[in-house]
Every structure is written in structure tokens, then in C-alpha cells.
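K.L.:
Here it is, the structure in full.
The values are calculated or read from the model by the stated rules, or taken from the named source; none is laboratory data. Fair warning: this is a prediction, and the values are worked out from it, not measured in the lab. In this analysis, Cβ positions are derived from the backbone assuming ideal geometry, glycine residues included, and neighbour counts consider all displayed protein chains.
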Ligand code: SAH
Ligand code: SF4
């Protein structure tokens, strides 16, 4: 391996890329060409950037890199969901999932981005949370998951069409604990000269990091905010999601009110259903009282069981009953469809070893 530190071009804004090519003694417009190769074609090798002069390709090769991560392993579910195991430059591994969207004639995919290797929040029901925390991902490593996945899908389906149209920050990690990199990755994904995914097609999911929610309220972004609630009383939530001890429900709901008032955007509360834990009539009542006054929907997610963890998915009867209680109580409620359960690619089943 070379000991020279190369400049990472992935995640660099066009303006900075222009300065960089100028620093190599090249005209500015070359930056546009490189930008197109990276973001429109997911090409990471300078030798493949065939409209650049050979001499520039050689100097780029020695001075720069484009770290679209390598796919080490890929699993495909019966329903078309794919899970990629990616390796970063430092050999750390993360998983990214692409999920086919139902109801579209030509299949389009949502991509579930990871923001950290592992997760420091440590929720009791979550495979990622139980696997510990290793490090934050850089913005380019988040963007790299999109490009790496796009490249795989393009090869598989032999098309140049852009198959990934929605991004959800719901993979491994807590996005709000890696705030700046997460926001920077959104700007890159959003750029119409590049990957061009509209802000309205992007969702950020948080376990309730109140500071992050307030900061997001001030960003002037059109993204959707999803909050993992999972319990409507503090004693249960303290246990399930340790972050609740720092930000109890009162503070969480205050931050949501601040967010909706500032942005006028509806938030989604995610609620995983855990058998015998959080789906009783009392839970439904508490949820209705807390959520009804807010500009919000509730998305119910049947728990995906994780081997080694004690939690169980409720029967479909119990799922239906809880759904009905919330709907009858006047909440705007939906039930999440299942994807990728057969390849451990469903929410909360991701971990860095890829071997489970
Ligand atoms: N850290 C963020 C985003 C990643 S987790 C957050 O917690 O919101 C994405 C979603 O999957 C969260 O709602 C999380 O609570 C949920 N989840 C975690 N483990 C799960 C499991 N085993 N089954 C179903 N959902 C799970
Ligand atoms: Fe982290 Fe989210 Fe898993 Fe909790 S549910 S441990 S916040 S990834």
C-alpha cells in the first residue's frame, strides 16, 4: 500500500473539486467531467474516465481516490430485497439494504443507509445496538453506500437507469449522533448535477436525539423526520432505549413540537410491536394521548426477532388489535410491510459481521 495520503474526491463539492483539478494544473471544466463519472456513473477508477486526458488520469491516480466501497457479500431475499456487506478503506464492515418499492410497475428501490459502524445507543431489541459501537462513518462513506449499491443494481439489471429513488437513514447507527456528516451526505445525494435524489425522497430516523431534532428543524430541508418511539411511558422507554434517560418523553415531544412548528412538516413515529411488552390497551391509550395533539403519523412495525435477544413478534391477531385501537382512537396509523426477513435484512437485523 502506498504511504502517500490521497485526497478523497467522493463527497467533495463541485467547487472544491474545481480547485483540486486546478491545483493539478488542469482547467476547471475537468471537474465537471469527473463529477459526472463519480455521481452519474458510479465510476471510481480514473482509468475508466475515458474523456479525461491520459496525463490527468495518471496524476489523479497518484494524488486522489474515489472510495466507493467494495461489496464483499450480497444476499437476495425472495421478495427482491438485497443486502450488501460493504468494506470501508480501514476494513470496517457495514451493511446496506435496498428494498423494492411495492406498487411501481418498473421496480424502484429504497436504500437504507448506515451512518455508524455499530451504534452507541444500545437499544435492547436491536441487533446493531447489541453489537457495540466502533466508529462514525464519514459523509463519503454514506454516499458511497448509495453509489456502490447503484453500481451493483446497474450490473445486475443491465441498465443505466437510476433504480434507487428513495433514501432512508435507517441502517446501522444513530444518524443524529453523526449529525454533520449525515447532513453533508444529504446535500451530496440531493445535488441535481450528481445523484439527484429529491429531499422529499429522504427520511432520517432517530431514536430521539433531541439536540439533533432541534438542529434539523433549523436546516431548511424538505426531508422527512421519523422518530423511533416504541414506548409511550418513560419507565418502559428508559429500559428499551437507554437514550430516553437523557431525553425523557417530555423533552422529546417538546422538540417534536418545535420541529413541526418551525418546518410545518409532519413527523412519523415508528413503533415496533413487542409481544407482551408494549402493545396493551394501556399502551394504546398513552400513545393516543401523546400523539394526537401533534402533527404526526404512527407507523407500526412488527418486531423482527433477533437470535440471542428475548423479544418476540406478536401474533397477527395481536398486531391487528393494536392497530385497531390506535386507528379507533383517531391516530393516523399505518402498518409497515415486511421486507427481507428471510435474509436478516429487516430493520434492526443489521450487524457488521455479515455472517449471521
Ligand atoms: N438509530 C435510528 C435509525 C436506525 S434503526 C433509530 O433508532 O431510529 C431503524 C429502525 O429500526 C428504528 O425504528 C429501530 O427502532 C428499528 N428496529 C431496530 N431493531 C428492530 C427489530 N429487531 N425489528 C424491527 N425494528 C427494529
Ligand atoms: Fe442504535 Fe437505532 Fe439500533 Fe437503537 S434502534 S441501537 S438507536 S440503531
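K.L.:
If I filter the range 184-206 for residues that are touching a residue at least 40 places away in the same chain (Cβ under 8 Å), within 16 Å of ligand 2 (Cβ to nearest atom) and part of a helix (DSSP H, G or I), do I get at least one hit?
P.N.:
no
K.L.:
Considering only the range 37-54, I want to know if a residue exists there that is surrounded by fewer than 19 Cβ atoms within 10 Å (Cβ to Cβ), modelled with pLDDT of 95 or more and touching a helix residue (DSSP H, G or I) at 6+ places or on another chain (Cβ under 7 Å).
P.N.:
Yes, the range 37-54 has at least one match.
K.L.:
From the list 284, 231, exactly one residue is in contact with a helix residue (DSSP H, G or I) (Cβ under 6 Å, 6 or more places away or on another chain), under 16 Å from residue 331 (Cα atoms) and within 16 Å of ligand 1 (Cβ to nearest atom). Which is it?
P.N.:
231
K.L.:
For the range 265-282, check the following and say yes or no: at least one residue is outside any helix (DSSP H, G or I), modelled with pLDDT under 95 and more than 15 Å from residue 123 (Cβ to Cβ).
P.N.:
no
K.L.:
Please verify whether the range 195-202 includes one or more residues that are more than 21 Å from residue 37 (Cβ to Cβ), surrounded by 21 or more Cβ atoms within 10 Å (Cβ to Cβ) and either in contact with a helix residue (DSSP H, G or I) (Cβ under 6 Å, 6 or more places away or on another chain) or modelled with pLDDT of 95 or more (or both).
P.N.:
No - not one qualifying residue is present in the range 195-202.
K.L.:
Which residue out of 149, 185, 110, 114 is under 17 Å from residue 224 (Cβ atoms), assigned by TED's automatic domain parsing to the domain that holds residue 82 and buried (at least 22 other Cβ atoms within 10 Å of the Cβ)?
P.N.:
185
K.L.:
Here's a follow-up. For the range 158-177, check the following and say yes or no: at least one residue is within 16 Å of ligand 2 (Cβ to nearest atom) and more than 12 Å from the chain's Cα centre (by Cα).
P.N.:
yes
K.L.:
Something else now. Scan the range 205-213 and give yes if some residue there is within 18 Å of the chain's Cα centre (by Cα) and away from ligand 1 (no atom under 16 Å from the Cβ), otherwise no.
P.N.:
Looking through the range 205-213, none of the residues is within 18 Å of the chain's Cα centre (by Cα) and away from ligand 1 (no atom under 16 Å from the Cβ).
K.L.:
Still on this model: Can you pull out the residues in the range 212-238 that are assigned to a helix (DSSP H, G or I), in contact (Cβ under 8 Å) with a residue 40 or more places away in the chain and surrounded by fewer than 21 Cβ atoms within 10 Å (Cβ to Cβ)?
P.N.:
214, 217, 236
K.L.:
For the range 74-92, give me the residue count where each residue is surrounded by fewer than 18 Cβ atoms within 10 Å (Cβ to Cβ), part of a strand (DSSP E or B) and at pLDDT below 95.
P.N.:
3
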